[in-house]
Structures are given as C-alpha cells and as structure tokens.
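Below is one structure, written out as structure tokens, with a few remarks after it.
The values are calculated or read from the model by the stated rules, or taken from the named source; none is laboratory data. Small disclaimer: the values here were computed from a predicted structure and weren't measured. Backbone-built Cβ (ideal geometry, glycine too); neighbour counts: all protein chains shown. The protein model used for the area step is the full one, side chains on, heavy atoms only, and it has no ligands, DNA or RNA in it. Shrake-Rupley method; radii C 1.70, N 1.55, O 1.52, S 1.80 Å.
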Amino acid sequence: MELQLSDEQKLILESAQRYATEEYTFDKRRKRVAEGVTIDRAAWSQLAELGWFGIGVPEAAGGFGASTIENTLIAETLGKAQALEPYTMCGVFPARLLTAFRQNEAAQAALENLISGEALVAVAWSEAISRGDPLAIETKASRTADGWVLSGRKTLVVGGDAADLFLVTALEDGKNGTEGLRLFLIGKSVAGLSPEGDKLIDWTSGVDLVLQDVKVDQSTLLASGEDALAVLSSSLDETAVVLCAEAVGAMEGAIEVTSQYIRDRHQYGVSLSSFQVLQHRMADMVMDMVLARSAVMCALQALANAGPAERSAKVAGCKAFVTRIGKWATSQGIQLHGGYGITEEYSVGQFYKRLLVIDSFLGRQDFQLERYTKWMISGLSAT
Amino acid sequence: MDFEPDSADEAFREEVRAFLKAELPEDLAVRGRAGFLSGHEEAMAWQKILAKKGWSVPHWPVEYGGPKWTARQRYIFDEECYLAGAPVTNIGGIGLVGPVIFTFGTPEQKERFLPGIRNGDTFWVQGFSEPNAGSDLASLRTTAVRDGDHYVINGQKIWTSHGKFGDWNFLLARTDPSAKKQAGISFFLLDIKTPGVTVRPIESLEGSHHLAEVFYDNVRVPVENLIGEENKGWNYTKFLLFNERAFYGAEAPALKRYLQKIKKIASMERAGDQPLINRPTFAARLAELEIEMTAIDMTVSRVIAHGLDERNGGAAVGSILKARGTELAQKLTDMLVETIGDYGAYYYPDTNDEPSLRNLPFTGPDYAPGLMAELIYRRAASIYGGANEVQRNIVSKTLFGF
Ligand SMILES: Cc1cc2nc3c(=O)[nH]c(=O)nc-3n(C[C@H](O)[C@H](O)[C@H](O)COP(=O)(O)OP(=O)(O)OC[C@H]3O[C@@H](n4cnc5c(N)ncnc54)[C@H](O)[C@@H]3O)c2cc1C
C-alpha cells in the first residue's frame, strides 16, 4: 500500500492548481454568473486541452490512462477554485459509461469527442423517484419496427442545457427492474427532446430533460439489463467519489478564505481571530477536512479492491459522511463572515452552495445511509 | 405542575383558526407557505386585515391598540399564523420601534407614529449595523450634528432588512464624538424619502435582494424625531434588542411549520415505489429533530407560563432559545431541502423584491420553490439578532459569571 501521491500525481495536482489559480478568479466567475452562462464552451475546451477528460480513460479507448485517483485530484482543485464547469458530471461520469460500451461505434466516437472537448455529453439517469437508485425510474422505452420510442422526465441533468449528446436510461415497456433497464446514446437534435428549467442554486448547470415520444433507431441502444446496470453502478460509484473530492476542495477553499477573513476583520478593537471560540471552530473545520480527504481515500480503496456490493456501500458511506461534514464546515465559513457571508459579493457562500448541490447529486443522505446500513447488516449475518 | 390543557386557550386557538380561515386571502399566503420572505404588499395588506380585527399589535398595551392577550395567547396566535402561512408583518415597526416609541417617545411621537404602525400604513426598517459595527454595534460611526432645529446625519448603514421597502427608518447615530462608545449615541426616526438618503440593495446567496446598504449624505432630521434624550440612545437600543431576542429568537412556531411541511412532503415524495417518509434513514433523523423541537417548545411554554426562573435558564433563557432555535431551524430547513431530492438543488428565483417576476413557470413539484431560499435565510438567523457565539457568551456570563 502506498498512501502518498506519486511524483506523476503530484505533477497533475500542481499543474491543476496552477491552472485554477490563473483561470478561476472570483471576479470572472461573478461576471459569468451575471451573464447567465452555466457552461462556457471555450473554458470547457481548455479543460480538454489540458487532457483532463481523458484521464481515467484507458489508452486503448483513446484516453490517457491513469485512474480515478487522478480525477479526484483535479476535482478537488476545481472544487476549491469554484469552477462552474461540471468536470465531474460531464467529464468523468459520461466518459466512464462510454468507455465501457466502446464496442458500439457511436459510443467510441462520442468518447473521442468528449475527450477532445468537441462534444458535451450529459447523463440523464435520475428521476424524481430515483434518489440515487438507477433502477427507480419511470421513463419508458417502447419497441417499434426499427427502434424505440422514449417518453419520460429526467431530473438534475447536469449539462442538459448545453449538451450535444445525452446518455439516457429508460425501462422497456412491460418489463421491470434490472431486466427492463435500457441505456441509449442520443443526439440533442432528436425531435421530442427538450431541456426544462434554469440552473442550480450554485449557478452551475442542471435541468430537467423531457422526452416526449422521442423516436430513435436501434443503433442508439448501448446496453440492456445486467450489463447496463453493472456499468451504471460502477460509473455512479466512481463519479460519487470524484464529487466527494470536489467537496473536499470546497471545504479547503472555505477554510482558506475564512481564516484570512477573521484575521483581517476587527470588532471590539481586536481581530476576530483572537476569539478562542472562533479559533476552535476553525480547528474543527480543518479536522473535518482532513477526515473528509481520508474518507475519499477509503472510497478510492474500495473502488480499487472491493466487489460491487462492498464498493457501492463504502462509496455511499463516503458520500454521506463527506457531504454532512462538508455542509457543516462550509456553513461555518458563512457564520464566521457574519452578514458578509450571506452575500454574493463574498466568495465564501459559494462553497456552501456547492456542498448543497453535491449533496443532491447521486442520492442524498437518506439513500446513502440506507445503502451503507444494509451492507453493514448483511455483513453481520454472514459471519 | 399539571398538564391539563387549558380550555380557554383551546377555545382561543379555535377562534384564531376560524379567523385565519375566513380572513387570510389565499394570495397573501402563497409566498409564506412556500418559504419566501413576504413582500411589502403582503406584509402591509395582512397588517391591515389584522388591524381591522384589533389583532395587529399583539404585545402592545391596550391603550395603544393591543388586544390584551396573555403571553400564552400571543404564542398561540403566532403559531396559528405561521402554520396557516400568513405573511410576516413589519417586525421593524410592530416588534422593534413601536415599543420604543410607546415606552420612551413623547405624546406627539406616539400620536404621530403608532397608528401608522398598527394599521399597516408605514413600513419601518432598522438602521443599526454598519460595515465596521456589527457584533460590536457600539462602535458605530454614523454621525448626527445639531443644526438649529435639525440634526444633520452623515454615514452609512448596512444589512437593513427590507431596506428597499422602507417608508421610515429608525437609526442610531453618534451625537457626541468625544464620549466613550455607548455614551454618545442617539436614536432617530427618519422618513426615508428625505433628500440625501440612498438605498442600495445587496444580493444575497439565494438570489434575492432583501437586504440593503443605506447611505446618508447630509440628511436633515427634525429634532422632534429624536427619541428620548440626546446621547441616551443606547438605553433604548438595549430595550429594543432585548425585545428582539425575547420575541423573535426561538421562532418556535416556524420550527413547527417546518416539521409539518417535511412530513407532508415526505409522504408525497417517493423513493422508488415507497413514500420517502417510510425510509428509516430519513424518518429516524426527522424524529430526532422533532424531539428536539418539542423540548424547545416546552421551554418557550415555561417562560410564557411563569417567566424566568432558575430551572429554565433564568436571564439567559432568551439567548438559549435564540441559539438553539436558530440552529434547529437550520437542521430542519436542510432536511426540508433533502425531502425534494433532485429538485432541492434547483434555483428558484426569489421574487420578494420584484413583484413582476412572480408566478413565472418553474420546473419541479409545486412545493419546491422557496425551500432552498428558506434554508439560506436560516443561515443568517445565527448571525443576526446577536451572533450565536455572542449568545453563548451571554449564557456563560449570565449563568457562571465567566
Ligand atoms: C439577514 C440579515 C438581516 C439583518 N437585518 C438587519 C437590520 O434590519 N438592521 C440592522 O441594523 N442590522 C441587521 N443585520 C445585521 C446583523 O445585526 C449583523 O450582521 C450582526 O450584528 C453581526 O455583525 P457582522 O455581520 O458585522 O459580523 P461581525 O461582527 O463581523 O462578526 C462575524 C462573526 O464573528 C463571530 N463573532 C463576532 N463577535 C464575536 C464574539 N464576541 N465572540 C465570538 N465570536 C464572535 C460570529 O460568528 C459572527 O458571525 C442583519 C443581518 C443579516 C445577516
């Protein structure tokens, strides 16, 4: 076991940090938010040029090798930099799915275009009743002579307002559970497909995707049943870990700006940082951050070594824990800023909002804890 | 101690419910029920309806239009209003400056200002905090200099709630620059339309503009708008801040409404083929919050029933309730957002300050807009009215003398 970053990983982290410091200034972000731009395609292309979308994709599939560890380093950096670009949800997540199904020509082409930044790919897997479970869906796929008709409503589709391609899940009409699961790759210009909604509370992209009698041909079907579920589950797990790394970055960012703020802010003729209760608060925030980063490592370990059930459970545990303490730590960043903390003019609140959004992705506390609990109890009865 | 419900109180509750059912118009309740802050029109329209009934200033003495309720009745009234989604009336007027005026004001001031507050004609906003005088309010720097029969005010306030809606502004300014801190401050009433006043809205995290900065550039206030004596403003301020803490600190009725809402929505929302509320990892966490809420509610009831005593926290109880009440509200609103799953991340514009932006189409269930906004407002509740750290200082000082 080696719990330190390798030299190569250090290089990736440092170059990501350098890029983020130069490119992601708070002023620029404010301007973009005011303009209402969720995904700036020029900025997206730059991430592609850095090679970040090919990281974690095997070389055989046109990627640059490396693993989810490297994705977490980038995501952590972007979380701290308050990037508006959905690196995890539109970079990592669809790349995992497409890689698994690259024997399909369209999938291989989409993957290449994703890696080069030419295509933005959104994954439309969740629905109002899913709450983290990819099988809890109601979108229907009905067979026709030469393909399928899809109807339903997908929720929290990140990139859905700007995507060129969509990976969409549905249940085949008349079938239930795993057996009925179907995964499609469809283009944005198919008739009957429409994004609905505005954006997310942290000003990043996320909308409903409405499918109204969307007719697609047979070639758009990437996977079915067990095959589809296994890949969806492992991709969701990897994505969740990368998201947690983003949360760690946001915690670190909140800690950094808050420690500076309370040093500079004076009340009662003294620096706020002279109050012991605030020193201890910040100590707790940083303790949480250190534990959160370790929790991400536990989950990375499970991705590398564990079988599917244990892997999913441990990832769920990581997400429940990191989002809970992450929301707390970033909320305390606001608290210590006083009134300034709840304004858009100061950056600290954006970290908290990012945590709220990360909490909502891929299933919330209720789902993650349930998944972990079930696995924990099943382990007891086995011994 | 006995726990028999008081039949008179229960009858009063029924009376309030019947009144709300008959008199609270649906369109005034939608924003409150959703979780958005009341707008100016809702607050004032509701205030007028209450005034007609004689219920608009529950804790004012009868001679100024109060309904002569017991503390218990006031609490029941607040609770029922909250549960019904009634707009929050103008706290700055009814809760804060009104009592200062009837306690310390001149007969002319009482006659001039109290009816407008009571009847919902004038919206009052609070101008205490400054960019560098927040928790340490007494270090405020806005000045008022006597010039004939006027004071001339210069300086800046910040975090003025509903500043954009303000008709009148009560503010603190320094009248004796040489006196030590608290000593040289005076309390003024100012028509916000006076030349030299500029209100600049502040954008908050959930996208609304309910706070404002207010700038004062040679603003002339007639001397008759000074409260009490010059340089004694701090005394009136302490009185006001005590009321603020005592009446609005715990906001127990709001806690009840959150719980009610979470249960209702979690019974409608599904996790797969089950109602969300059936999921043990959700329900158990909700139960913990409900149990805490009942303890807070009982603490409030104890204070209402027999005032402060050693067993309920004594003089520290206001701070105890403020800190624990606001922190529970934060946990509850977080859970409220969890309840709606994916839609909890969506941005639903708040239209508190911009009526033309109301009733726009949105994506998601009817009950989704407003939940996130409320979660974010609640982050502020542990900051305003004395930050919770300051409340804890007060608790230690009061109870232990530390
Ligand atoms: C939504 C909202 C509405 C408001 N409405 C009004 C209004 O209508 N009118 C008005 O005049 N003001 C209003 N305020 C201002 C409010 O009273 C101040 O924000 C508050 O007094 C804190 O001051 P500050 O923001 O300058 O924070 P600071 O005083 O700078 O404090 C920042 C943080 O430091 C910590 N801290 C401060 N002092 C201590 C201490 N002694 N010990 C330990 N920790 C400490 C706390 O965590 C605090 O949150 C409002 C504020 C908000 C957020």
* Single unsatisfied condition, B:D350 versus (1) part of a helix (DSSP H, G or I); (2) within 16 Å of the ligand (Cβ to nearest atom); (3) not aromatic (F, W, Y) -> (1)
* Asked: In segment A:334-354, is there at least one residue being at the interface with chain B (Cβ under 8 Å from one of its Cβ atoms), within 15 Å of the chain's Cα centre (by Cα) and crowded, with 20+ Cβ neighbours inside 10 Å?
  -> yes
* Taking segment B:156-182 as the search range and keeping residues that are among the basic types (K, R) and more than 8 Å from the ligand (Cβ to nearest atom), which one is least open to solvent (accessible area, probe 1.4 Å)? -> B:R174
* Among the numbered criteria (1) aliphatic (A, V, I, L, M); (2) over 16 Å from the mean Cα position of the chain (by Cα); (3) crowded, with 21+ Cβ neighbours inside 10 Å, which single criterion is violated by A:L291? -> (3)
* If B:M298 passes every condition in (1) more than 14 Å from chain A (Cβ to nearest Cβ); (2) within 20 Å of A:W328 (Cβ to Cβ); (3) away from the ligand (no atom under 16 Å from the Cβ) but one, which one does it miss? -> (2)
* Asked: Does A:G341 meet the test of being part of a helix (DSSP H, G or I), assigned by TED's automatic domain parsing to the domain that holds A:S274 and free of Cβ contacts under 8 Å to residues at least 12 places away in the same chain?
  -> yes
* Asked: What residue, of B:R311, B:R324, is under 22 Å from B:R285 (Cα atoms), surrounded by fewer than 20 Cβ atoms within 10 Å (Cβ to Cβ) and more than 9 Å from chain A (Cβ to nearest Cβ)?
  -> B:R324
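With within 23 Å of the chain's Cα centre (by Cα) and away from the ligand (no atom under 11 Å from the Cβ) as the only criterion, which of B:V199, B:V125, B:V145, B:V152 stands out? If you could, list the steps in order and put the result at the bottom.
Values: B:V125 fails: away from the ligand (no atom under 11 Å from the Cβ); B:V145 fails: within 23 Å of the chain's Cα centre (by Cα); B:V152 fails: within 23 Å of the chain's Cα centre (by Cα).
One residue alone meets the criteria, B:V199.
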* If you go through segment B:373-396 one residue at a time, do you hit one that is touching a Phe, Trp or Tyr at 6+ places or on another chain (Cβ under 7 Å), in contact (Cβ under 8 Å) with a residue 60 or more places away in the chain, within 11 Å of chain A (Cβ to nearest Cβ) and within 16 Å of the ligand (Cβ to nearest atom)? -> yes
* Structure fact -> Going through (1) open to solvent by less than 40 Å² (accessible area, probe 1.4 Å); (2) at pLDDT 90 or above; (3) within 17 Å of B:R392 (Cα to Cα) one by one, B:M293 fails only at (3)
* Structure fact -> Checked against (1) assigned to a helix (DSSP H, G or I); (2) of a type outside the set (G, A, S); (3) open to solvent by 20 Å² or more (accessible area, probe 1.4 Å), A:V37 satisfies every condition except (1)
* Please go through segment B:202-216 and pick out each residue that is open to solvent by 30 Å² or more (accessible area, probe 1.4 Å) and touching an Asp or Glu at 6+ places or on another chain (Cβ under 7 Å). => B:E203, B:H209
* Could you grab me the full set of residues in segment B:343-362 that are open to solvent by 10 Å² or more (accessible area, probe 1.4 Å) and either closer than 23 Å to A:F367 by Cα or not assigned by TED's automatic domain parsing to the domain that holds B:Y384 (or both)? => B:Y343, B:Y347
* For residues that are assigned to a loop (DSSP other than H, G, I, E, B) and under 22 Å from the mean Cα position of the chain (by Cα), scanning just segment B:354-372, find the one that is nearest to the ligand (Cβ to nearest atom). => B:G370
* Residue check: is A:R371 in a helix (DSSP H, G or I), within 12 Å of chain B (Cβ to nearest Cβ) and more than 26 Å from A:A230 (Cβ to Cβ)? -> no
* Test A:L300 against the stated conditions and say whether it is part of a helix (DSSP H, G or I) and within 11 Å of chain B (Cβ to nearest Cβ). => no
* Might you check whether a residue that is farther than 30 Å from A:N176 by Cβ and either within 14 Å of chain A (Cβ to nearest Cβ) or surrounded by fewer than 15 Cβ atoms within 10 Å (Cβ to Cβ) (or both) occurs anywhere in segment B:242-261? => yes
